[in-house]
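The values are calculated or read from the model by the stated rules, or taken from the named source; none is laboratory data. Just so you know, these numbers come straight off a predicted model, no measurement behind them. When we count neighbours, we look across all protein chains shown, and the Cβ atoms used for this are built from the backbone with ideal geometry, even at glycine. We work out accessible area using only protein heavy atoms, side chains counted, and drop any ligands, DNA or RNA first. Shrake-Rupley method; radii C 1.70, N 1.55, O 1.52, S 1.80 Å.
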Amino acid sequence: MAISSDNLIGLIMALSSSIFIGSSFIIKKMGLRKAASNGKRAATGGHSYLYEPFWWAGMISMIVGEIANFAAYAFAPALLVTPLGALSIIFSAVLAHFILKEKLHMFGVLGCALCVVGSTTIVLHAPHERDIHSVKEVWYLATEPGFIVYFCAVVILVSLLIFRYAPKYGQSHMIVYIGICSLMGSLTVMSVKAVGIALKLTFEGMNQFIYFQTWIFTTIVITCCLLQINYLNKALDIFNTAVISPVYYVAFTSFTIFASIIMFKDWDTQTTTQIATELCGFVTILSGTFLLHKTKDMGNKPAEPTVHPILQQPPDKTTHTLDI
């Protein structure tokens, strides 16, 4: 069956999005490295990276990628577009290997593959989203008890990570910064959907910006995005980019799908087989994430020279004394 013209446009947009987003991690880290050599590092609270052209080029690349991704959903179904987001992981890891010299061990490659397969499995078997025709419909879904509990849980967890765990463990445990970005990212997507609906309906002649709900969703989007940018910069400044990209993708995708299931109650229309398949996808993701954590530094450890015991000579005490 030939692919339709709309699907072809969506495919091209999704591929372009993956390239731009994947390369943005590398370009931004180049800017962060240069900023660290001239001032205070982002990981220690510095913002000298704001004066680096490379960092801004990376931000522009990420914005272009996100716009392309948003446009892709306007032409092609989510089952085609969303799995292609995993390509940004591979693209970022390859660039990090050759440009940043951040070696990715063979087990890290396997971990990336498991993450991609698990995420793709979840997305391909995810339930279809219900049609939303008004911002008020999204507001109604967002103010139901189930999602309010999730929203409050996210706010509490993010607050604990920022104020209690980030100062102590942020620079040694990647999951702290990634957790903040991913949790806030799930709320961002839910709000972006509402704002996107508002813009679409407004362009069709039904102004949605006269409703206060639209501005609340817009405020949430801006706040969450600023937090994500700040803590993603900290993570990129400290940890291996080839590891950050897949772990961030896995966590972000998992929390986003979980938030969508709670908000839109999509599991109510799912069969047992579909739910079981999605759970298997989660297990695959966890396996890949574990493998990435355990092997994240294996590719960067220099080989230690092997010295035969017979060739090891005791230190010359006489020479040592003369040197002193």
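Among the residues of region 239-273, those that are modelled with pLDDT of 80 or more, open to solvent by 30 Å² or more (accessible area, probe 1.4 Å) and of a type in the set (Phe, Trp, Tyr) comprise 248, 252, 255, 258. From the list 135, 155, the lone residue that is at pLDDT 85 or above, of a type outside the set (Phe, Trp, Tyr), crowded, with 18+ Cβ neighbours inside 10 Å and over 17 Å from the mean Cα position of the chain (by Cα) is 135.
Within region 202-220, which residues are open to solvent by less than 70 Å² (accessible area, probe 1.4 Å), outside any helix (DSSP H, G or I) and either more than 10 Å from residue 135 (Cβ to Cβ) or polar (S, T, N, Q) (or both)? Scanning region 202-220 gives 205, 208. Looking at this structure, is residue 236 within 24 Å of residue 85 (Cα to Cα) and either of a type in the set (Phe, Trp, Tyr) or crowded, with 22+ Cβ neighbours inside 10 Å (or both)? Criteria met by residue 236.
Report yes if some residue within region 106-119 is part of a loop (DSSP other than H, G, I, E, B) and either modelled with pLDDT under 85 or small (Gly, Ala, Ser) (or both); otherwise report no. No: region 106-119 contains no residue that is part of a loop (DSSP other than H, G, I, E, B) and either modelled with pLDDT under 85 or small (Gly, Ala, Ser) (or both).
Under 7 Å by Cβ, and 6 or more places apart or on different chains, what pairs join a residue from region 56-72 that is of a type in the set (S, T, N, Q) with one that is at pLDDT 85 or above and assigned to a helix (DSSP H, G or I)? Going by the 7 Å Cβ cut-off, the qualifying pairs are 61/20; 61/23; 61/24; 61/27; 69/17.
Among the residues of region 165-201, how many are open to solvent by 40 Å² or more (accessible area, probe 1.4 Å) and more than 26 Å from residue 243 (Cα to Cα)?
4
Just give me the residues in region 94-120 being farther than 30 Å from residue 276 by Cα and surrounded by fewer than 15 Cβ atoms within 10 Å (Cβ to Cβ), in sequence order.
First, the residues of region 94-120 that are farther than 30 Å from residue 276 by Cα: 94-105.
Scanning region 94-120 gives 94, 98, 99, 101.
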